[in-house]
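Worksheet: the structure to be examined is printed underneath.
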Amino acid sequence: MGEKKYEAQRKALLASPKNGYDRVDEATRKAIFDYAEDYKRFLDAAKTEREAVTDAICRAEAAGFRAWERGMALQPGDKVYVNNRGKAIMLAVIGENDLSHGANICAAHIDNPRLDLKPNPLYEDGELAYFKTHYYGGIKKYQWPTIPLALHGVVALKDGTVISVCIGEDESDPVLVITDLLIHLSGDQMKKTLAEGITGEQLNVLLGSMPLPDDEEGDRVKFAVMLLLNERYGFTEEDFLSAELTMVPAQKARDVGLDRSMVGAFGHDDRVCAYAALEPVLRLEKPTRTAVCVLADKEEIGSVGVSGMQSQAFETFMDGLCQAQGVDLRVCFENSWCLSTDVSNAFDPTFAEVSDKRNNTQLNYGLGLCKYTGSRGKSGASDAAAELVARVRALFDANGVLWQMGELGRVDQGGGGTVAAYMANRNIDTIDAGVPVLSMHAPFEIIAKLDLYMAARANEAFYQV
Ligand code: MN
Ligand code: MN
């Protein structure tokens, strides 16, 4: 008899969460697959933070958003955005309640690890032309040679003109590449650690091999390459000094797996969360509280600089909105809450030893919540309060969002952080919530379509609280 009595409780206690595909109906399964199609378009259009901002503005204006200017009058339902120097964007849909009630903020980042060109990148050696690069963010350097690369970015001229550069994406374009040593002569290289096998100064991008004809001067291959760039874009070698040019993988986003349940692409971290934060805010009409979507730059190097999440650009934007309603910014922050929506590490059975399986997110279990991130003894973490976690659990459960809870790997295995700490420093209740990723920070990262879909549903519910 006793066993029967407690059966329900025991079931609830012992029930391990189920794979998301066991918990969704046929219509949702179709919606999950459909949802990934436009995300793949976003991935291909936005390989850098600047391109992501351009794409976001295009989508926002089509959805009725206007560029915000200080002093503009605001009505509930108004949709505004601020373009922060072309590298970050903040969008808001004004709520029925004024900002003294706080805002619902989703913050993701749109920068990702890659190879930036050095200020003096172009050189010739062995009658081959190259770019010198300086890597940005945390990369495994050995992953970057022998894959097709594309050149993206801008060159700013002294007259104020900014030239957009993109080579290697169009089918008719050439691609660029970093070479690796042939295995036949790799006796010494193969004895090095993975960290040292390819060094930062070896990440040189091969640009050309054909010397300029009828020229007696040296560096004829380099000058031939520079002439090609000049013909196509109109800038000179000196203009590299005021450029932001970056090498990214040339391949496009693709379905992964025979079942097509996953997407492989460059830069899911964190454009998967950026997309899932942006897409629902564009469809909001008149939320109860003001909904804010922040797509920040520089997360991968510490959220620093004017376009990073630590920048006062966020205060300036929010204060402008608050002033339009006669609200104190500090009161607004105190009553706001934030989903720091950044990717988590998906459990990888091939490398199971780095994870505590009971406390790790995994593919197809939905949006991954992290109460805290950080390293060692939670150093550098923003630790979401238990009450906040409970609020978020309740919200997601009430809205049919599949979610899971995890932390970043085994204790003392490594660690990491997100923009969460910087939002929390502003007196905004903040929790990490993101999509699990396999091969994070690799040139080709993997996410599951179900998790993307659930992240977007989660953000949609959050904006409408
Ligand atoms: Mn990230
Ligand atoms: Mn990252």
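The values are calculated or read from the model by the stated rules, or taken from the named source; none is laboratory data. These numbers were taken from a predicted model, which means no experiment stands behind them. Positions of Cβ are backbone-derived with ideal geometry, glycine not excepted, and every protein chain shown enters the neighbour counts. Side chains included, ligands, DNA and RNA excluded: accessible areas come from the protein's heavy atoms. Shrake-Rupley method; radii C 1.70, N 1.55, O 1.52, S 1.80 Å.
Do the alpha carbons of any pairs in K40/K449; K18/K449; K158/K222; K30/K371; K118/K141; K47/K87 sit beyond 20 Å of each other, and which pairs?
Going by Cα-Cα distance, K158/K222; K30/K371 fall outside the 20 Å limit.
Identify all lysines with a Cα-Cα distance to K286 below 19 Å; exclude those on the same chain that are fewer than 8 residues away in sequence.
Hits, sequence-local ones excluded: K79.
Using only Cα atoms, tell me the angle between helix 449-463 and the longest principal axis of the chain; keep it within 0 to 90° and round to the nearest 10.
Helix 449-463 sits roughly 60 degrees off the main axis of the chain.
Roughly how many debye, to the nearest 20, is the charge dipole of the range 114-249 about its Cα centre, given +1 on each Lys and Arg Cβ, -1 on each Asp and Glu Cβ, and no other charges?
800
Could you work out the relative contact order of the chain? I mean the mean sequence separation of Cα pairs under 8 Å and 6+ apart, divided by the number of residues, in percent.
Reported relative contact order: 22 percent.
Normalised by the number of residues in the range 1-155, what is the relative contact order in percent for Cα pairs under 8 Å and 6+ residues apart?
Computed value for the range 1-155: 14 percent relative contact order.
Amide H neighbours of T373 under 5 Å, at least 5 residues apart or on other chains, H built in the peptide plane: list them.
Sorted by chain and number, the residues that satisfy this are S382.
Dipole size in debye (nearest 20) for the chain around its Cα centre, Lys and Arg Cβ +1, Asp and Glu Cβ -1?
2040
Points 7 angstrom from Cα along the Cβ direction at S242 and Q413: gap in nanometres?
So the two model labels end up 4.8 nm from each other.
At 1.4 Å probe size, what's the solvent-accessible area of S439? Round to the nearest 10 Å².
In the full protein context, S439 sits at about 60 Å².
Kirkwood Rh over alpha-carbon pairs of the chain, then Stokes-Einstein at 25 °C and 0.890 mPa s: what D in µm² s⁻¹, rounded to an integer?
Result for D is 104 µm²/s.
Report, for the chain, the % of DSSP beta bridges that are antiparallel, rounded to 5.
Around 70 percent antiparallel, to the nearest 5.
Say each of Y233 and K191 gets a label point 7 Å from the Cα, pointing the same way as Cα to Cβ; how far apart are those two points in nm?
Each label point lies 7 Å from its Cα, and together they span 4.2 nm.
Set Lys and Arg Cβ to +1 and Asp and Glu Cβ to -1, take the dipole of the chain about its Cα centre, and tell me which of L321, M405, A52 lies farthest positive.
Projecting each Cα onto the dipole axis, the largest value belongs to M405.
For the range 190-230, which GluC sites (Glu not before Pro) pass both filters: DSSP loop (anything but H, G, I, E, B) and at most 16 other C-beta atoms within 10 Å?
E216, E217
Find, among the GluC sites (Glu not before Pro) in the range 247-338, those assigned to loop by DSSP (not H, G, I, E, B) with at most 16 other beta-carbon atoms within 10 angstrom.
Those satisfying the criteria are E285.
Filter the GluC sites (Glu not before Pro) in the range 116-195 down to the DSSP loop ones having no more than 11 other Cβ atoms within 10 Å, then list what survives.
E171
Would you calculate a helix-derived [θ] at 222 nm for the chain, using -39,500 (n - 2.57) for each DSSP H run of n ≥ 4 and dividing by the full residue count, to the nearest 500?
Value at 222 nm, helices only, nearest 500: -8500 deg cm²/dmol.
Contour minus end-to-end for N425 and D34, with contour as 0.36 nm per residue of separation and end-to-end as the Cα-Cα distance?
Residue separation times 0.36 nm, minus the Cα-Cα distance, leaves 137.0 nm.
Mind checking the angle between helix 26-45 and the chain's longest principal axis? C-alpha axes, 0 to 90 degrees, to the nearest 10.
For 26-45 against the chain, the angle is about 30 degrees.
Find how many whole Å separate the alpha carbon centroid of the range 138-168 from the alpha carbon centroid of the range 291-348.
The two parts, judged by their Cα centres, are 27 Å apart.
Run the quick spin-label model on T316 and E61: label points 7 Å from Cα toward the beta carbon, then report their separation in nm to one decimal.
According to this spin-label approximation, the distance is 2.1 nm.
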